[in-house]
1. Is it the case that some residue within segment 476-485 is in contact (Cβ under 8 Å) with a residue 60 or more places away in the chain and closer than 30 Å to Gln158 by Cβ?
2. Which residue, of Asp148, Asp155, is open to solvent by less than 20 Å² (accessible area, probe 1.4 Å), over 23 Å from Ser371 (Cβ atoms) and modelled with pLDDT under 95?
3. Which residue out of Ser58, Ser65, Ser77 is surrounded by fewer than 23 Cβ atoms within 10 Å (Cβ to Cβ) and under 34 Å from the mean Cα position of the chain (by Cα)?
4. Here's a check for you: in segment 8-37, which residue that is in contact (Cβ under 8 Å) with a residue 24 or more places away in the chain and assigned to a loop (DSSP other than H, G, I, E, B) is most open to solvent (accessible area, probe 1.4 Å)?
5. What number of residues within segment 113-138 are among the aliphatic types (A, V, I, L, M) and touching an Asp or Glu at 6+ places or on another chain (Cβ under 7 Å)?
6. Does Arg364 satisfy the criteria of being open to solvent by 10 Å² or more (accessible area, probe 1.4 Å), touching a residue at least 24 places away in the same chain (Cβ under 8 Å), part of a strand (DSSP E or B) and touching a strand residue (DSSP E or B) at 6+ places or on another chain (Cβ under 7 Å)?
7. Using the structure shown, decide if Ser234 is farther than 24 Å from Asp185 by Cβ, part of a loop (DSSP other than H, G, I, E, B) and either open to solvent by less than 60 Å² (accessible area, probe 1.4 Å) or touching a Pro at 6+ places or on another chain (Cβ under 9 Å) (or both).
8. Scanning segment 330-339 for residues that are assigned to a loop (DSSP other than H, G, I, E, B), hydrophobic (A, V, I, L, M, F, W, C) and out of contact with any helix residue (DSSP H, G or I) (no Cβ under 7 Å at 6 or more places or on another chain), which turns out surrounded by the most Cβ atoms within 10 Å (Cβ to Cβ)?
Amino acid sequence: MNEQRFRWRNRQLREHTAVVDGKLAPTKLIKNTTYLNVYLKQWLQGHIWIYNDRIIYSGPEWPPSTEGTEIIDGSESYIVPGYIEPHAHPFQLYNPRSLAEYAAGTGTTTLINDNLMWLLLTDKEKAFSLLEEFMNVPASMYWWARFDSQSTLHDEEQEEFEEQVLPWLQHDAVIQGGELTAWPDVLYGGDDQMLHWMQETKRSRKPMEGHLPGASWKTLVKMKLLGLDSEHESMTADEVIERLSHGYQTGLRNSSIRPDLPNILKGLIEKNHQQYDRMMFTTDGSTPGFYREGVINPCIKIALEAGIKDVDAYMMGSYHAARHFGIDDRLGSLAPGRVAHLNFLSSRDNPNPHSVLAKGEWVRKDDKLVSKNEEFPWETYGLEPLSLSFDITDDDLQFSMPVGMEMVNEVIMKPYALDLDASVDRIPAENDEAFLTLIDRDGEWKVNTLLKGFTDSLGALISSYSNTGDLILLGKSRADMKLAFRRLKEIGGGIVLVDDGEIVYELPLSLGGVMTDIPMEELMDREKELKEILKKYGYTYGDPVYTLLFLSSMHLPFIRITPVGIVDVKKNEVLYPAIMR
């Protein structure tokens, strides 16, 4: 088993020191290269010795023995540490493995991942076994321990969720508590259980991340007092500086729905800000197409183009995150003892690597991916195609609620009064309202309303991809919604679009109905096709995948459709409860 996550075995450690003495030869030697030393904040020239998955030495010395060593000429390359994504949501149609393999091939060799879907899709024992299985992918993979589901669950499901929090927090692959989206419950609602989990995080000496968009200085200070260490919701340079001033490690975000990084950096430079040691880049779980050029490497490119010094830009993409999480003795630099994650660049101002070593093995070489095409035993961990044991009936599609949800943008919904005749078989095309149902994946309950602003003409969209893993039924035609649901059952979960009795798009999601196991490049094309089709049917925003994901998310204003019913987010009040089927 790979041991880079937290230790190497004694035998391995003895071998590593034996390389220094010449008793063993490095497995790889990069000679005559220019590399970034993050501790001196300088570009140095020399050689890098690697033994299997670990860096042994970086500097001017030549190894005493090179018998059997793969010697790599680094004279035309600039080498930097593998990049780190400190805030990944690895289930945006893709799965943790496919994201990690793709990310590593583009230079992002470490990901710190959200554990939310494991809490909802599988049991703790299987999930923990999965974490061990992920040790075999090229990237180094770490995890967060969620304290809240981002939605409102039924009592039994909430209890099951809460029972998993502390075991996850205590797992050695988990290096952070959070992200804490339910902070108002702690700050204003007197939730002492969540505050206890926060204290346990601090006792474990693990950092804790918040989710505080638009927070005032008082909120930032209070949450710092309660234990938060980092935050990634800044949308302006002023918000970044405010967080830094209170001691937050601050994520600079460039995501598919919040591409704020260029403006943030522009603002920081205009303010003559010089200190970047408490900043790191994140893409915050972007949807597949956003990653066509890579994960963290585009963030570094944006920083370089904005005028950030190259050393600062590369350290924001690597070392600063490693230091924040307390894993800088393993990752984030090219010093002795670190995991051999190395990016080979053609120039200092081009962060897109032409070659990548991940755990000492080539994943990209001379601008070509090195593919292993290994099968992954998802079914062993209970992640199989979705099996639905019920059908949609006429009774399920009764819409008599007086309040609907109106889209403000991709993810923010506001309430509006319904005056549409919802008894019709198909809502007329002259308006942009559609039937909307959230239904339990076990068929036990349903919530019905109307959604305004998603489509003006699409018959049906059915999705098992959602924040809670429940089913979203959306569309203007009851008949098309039934047909789409039948097709969803046949393909074992996914996203299905139907119009006028014809299936116009489908994306099977074979891993629990939420994720696919197809390669990232293929998924990017399939997502692009989905966007183009929805645009033809009146979707005017940029990211429909996030719309589906966040329909139930209680960390966003103003109104949500959740497993317990239609909820007013600010008041945390159920306006109209779910109905048992």
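The values are calculated or read from the model by the stated rules, or taken from the named source; none is laboratory data. If you're wondering where the values come from, they're calculated on a predicted model, not measured in any experiment. Cβ placement follows ideal geometry from the backbone for every residue including glycine, while neighbour counts extend to all protein chains displayed. Just the protein is used for accessible areas: all its heavy atoms, side chains included, with ligands, DNA and RNA removed. Shrake-Rupley method; radii C 1.70, N 1.55, O 1.52, S 1.80 Å.
1. Keep residues of segment 476-485 that are in contact (Cβ under 8 Å) with a residue 60 or more places away in the chain, which gives 478, 481-482, 485.
Within this subset, residues satisfying the condition of being closer than 30 Å to Gln158 by Cβ are 481, 485.
Yes, segment 476-485 contains a residue that is in contact (Cβ under 8 Å) with a residue 60 or more places away in the chain and closer than 30 Å to Gln158 by Cβ.
2. On the way: Asp155 fails: open to solvent by less than 20 Å² (accessible area, probe 1.4 Å).
On inspection, the qualifying residue turns out to be Asp148.
3. Working: Ser58 fails: surrounded by fewer than 23 Cβ atoms within 10 Å (Cβ to Cβ); Ser65 fails: under 34 Å from the mean Cα position of the chain (by Cα).
Answer to the check: Ser77.
4. Among those residues, the one meeting the criterion is Lys23.
5. The initial filter retains those residues of segment 113-138 that are among the aliphatic types (A, V, I, L, M), namely 116-117, 119-121, 127, 130-131, 135, 137.
Filter again for touching an Asp or Glu at 6+ places or on another chain (Cβ under 7 Å), leaving 137.
Number of matching residues: 1.
6. Numbers: open to solvent by 10 Å² or more (accessible area, probe 1.4 Å): yes; touching a residue at least 24 places away in the same chain (Cβ under 8 Å): yes; part of a strand (DSSP E or B): yes; touching a strand residue (DSSP E or B) at 6+ places or on another chain (Cβ under 7 Å): yes.
Here the answer is yes, as Arg364 does meet what is asked.
7. Details: farther than 24 Å from Asp185 by Cβ: no; part of a loop (DSSP other than H, G, I, E, B): yes; either open to solvent by less than 60 Å² (accessible area, probe 1.4 Å) or touching a Pro at 6+ places or on another chain (Cβ under 9 Å) (or both): yes.
No.
8. Within segment 330-339, the first condition is being assigned to a loop (DSSP other than H, G, I, E, B), and the residues that meet it are 330-338.
Retained after the next criterion (residues that are hydrophobic (A, V, I, L, M, F, W, C)): 331, 334-335.
When the remaining residues are screened for being out of contact with any helix residue (DSSP H, G or I) (no Cβ under 7 Å at 6 or more places or on another chain), the result is 334-335.
Numbers: Leu334: 27, Ala335: 17.
By that ranking, first place goes to Leu334.
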